[in-house]
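Below is one structure, written out as structure tokens, with a few remarks after it.
Every number here is computed from the coordinates shown, using simple stated rules; none is lab data. Not measured: the values here are computed from a predicted model. As a convention, Cβ positions derive from the backbone with ideal geometry for all residues, glycine included, and neighbour counts pool all protein chains shown.
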Amino acid sequence: MHGALVAGVFICLAMVAAGQEASLPVPSNAVAGQAASIATTGNGSATFYLRGPSISFKRDVVLGQNIDLSAKELQSAGDYVAVLCTGTCSSARFFVAPGKPAVLTFLVHPSRAPVGVNDVISGVALPFDQFHNLILTPSAIQFQLTAKGSAPSSRNAQTHDGVAWFRTSSGRSAGALQISASLSDLIARRVVQQVASDPCNLRIKGQQTAKGILVETEPVRDCSGNPVPDGTIVTFTAKDGHEVSFVDAPVKQDIARATLVAKGPVVVSAASGVATGNELRLGNKE
Amino acid sequence: MKADFRQMNHHARLRVSAMIALVLLSSSALFAADNSPQVTLDASKTSPRSVEGLTQRAIVRDYKFAWANLDVAMESNSAGPLNGLFAGSANDWLRETVSSQQRSGITSRYSNQRHKLEAVFYAPVGDVIELHDTAEYDFEINDGGKTIHNEHAIVHYVVLMTPGADRWVIRQLQAVPQF
């Protein structure tokens, strides 16, 4: 009983192995989205199976006639296994290559970048065919960067393993930076908003009022002269003898304001990020 | 005498339980060793950004889990195991394979998997990584319980992975004749 079972398994394995030795004349240069066919010999009926990256089917076929594979059945690039079974099965593996570029995926970071920072902007471009197969043959990608008030700059990069990339520094002026990646007639566009960097050279002024001391900055700008965004925090410090008090105030329309409560002479200063401002002596005759 | 017998019986039972536990543990370990994909990653030649150690471990963990679940999905003809591990076209393609297998009554298996990954591109901000996988596995296609194809395959995959909320997901899994 046991011997018969072993012999049966052995025969089955031998049949499968023998069947797989005879190879099918599968397509040698198949391209995604293009029909292909497999020639068969002999006569009678058989069952044909195709297993690919996104497909698996079986179909009754007549031996001696071609097995037609439609464009839709070969949309995904990758490896396919074709199996033809009569009494035994024979199989073969073949590859389908990606088609022509149809989509350019373009990833750009960041969406907002402070001005004057080295290598802060980067982009990655990946060409795909219309069935979203990654195109691995080298392709020439042109990256173009255009900022308002400056001449466009461009750089060429060849895809390697299906990827081309660039890295660049941000410009000197705040505003939109248009970035495009193009491959033949395909173009993908992105925008990076260049924003002011950290505040630079804070200047403050103040005056005594009935409620206390009103202090305010002059328009707060970065080192390139771009106004910093609203909401940037400026910290005012008041030194009244041995007492020190702090007030945080957000920049609103380029200027930060605060009212400090102090009775005697007071020294007021301001800081934002790494920038510090001038000292102001108030509440005495100075 | 009766107490001695009970104690001896208790010891024997303990020994038998220990042996059964040992056999179960070793068999489950063997089972796990047989079925769990083996994945190694070489990130020494990655550019333009180097892959941090923690990221390497996360990629290996998630790639291994994805392939283990891919095998389960193809064998059980259920797309559920693919949830959350694949995205984009890889997800669409695998789901389409599962549903077309369901329609035709075919199942497939990827057993004894070994994946040698090489990271070839890691984006400057770390939002996409490209891997080359030299995969080795026993690939089997079954139709109604009958094996119609069985081979030890070596397949080269170009893989794109992107970081998700808590794991790396496979976005592209494309076999190529060679790298």
*Extension gain A:Arg189-A:Ala35, at 0.36 nm per residue separation less the Cα-Cα distance, in nm?*
52.1 nm
*asked:* With angles folded into 0 to 90 degrees, how steeply does helix A:2-21 sit against the dominant principal axis of chain A? Use alpha carbons for both and round to 10.
replied: 80
*State the extension gain, in nm to one decimal, for the chain segment bounded by A:Thr259 and A:Gln158, taking 0.36 nm per residue of separation less the distance between their alpha-carbons.*
30.5 nm
*Cα-Cα over 18 Å, subset of A:Lys211/A:Lys252; A:Lys72/A:Lys100; B:Lys64/B:Lys146*: A:Lys211/A:Lys252; B:Lys64/B:Lys146
*Expressed as a rounded percentage, what relative contact order does the stretch B:29-151 have, with Cα pairs under 8 Å and six or more residues apart?*
29
*Would you grab the residues whose amide H sits under 5 Å from the one on A:Ser139? Only those 5+ places off in sequence or on another chain, please, with H modelled 1.01 Å from N.*
A:Thr159
_Need one number: nm distance between label points at A:Ser169 and A:Ala210, each 7 Å from Cα along Cα→Cβ, rounded to one decimal._
5.4
*Can you give the mean number of other chain Cβ atoms that lie within 10 Å of the Cβ atoms in peptide B:146-159?*
5
*Which of these, A:Phe128, A:Phe94, A:Phe143, has the largest mean-square fluctuation under a Gaussian network model of chain A (Cα springs below 10 Å)?*
A:Phe94
*For a footprinting-style exposure proxy, rank A:Lys100, A:Lys72, A:Lys58 by other Cβ within 10 Å, fewest first.*
A:Lys72, A:Lys100, A:Lys58
*FRET efficiency for A:Ser150 and A:Ile233, Cβ-Cβ distance as r, R0 = 25 Å, nearest 0.05?*
0.25
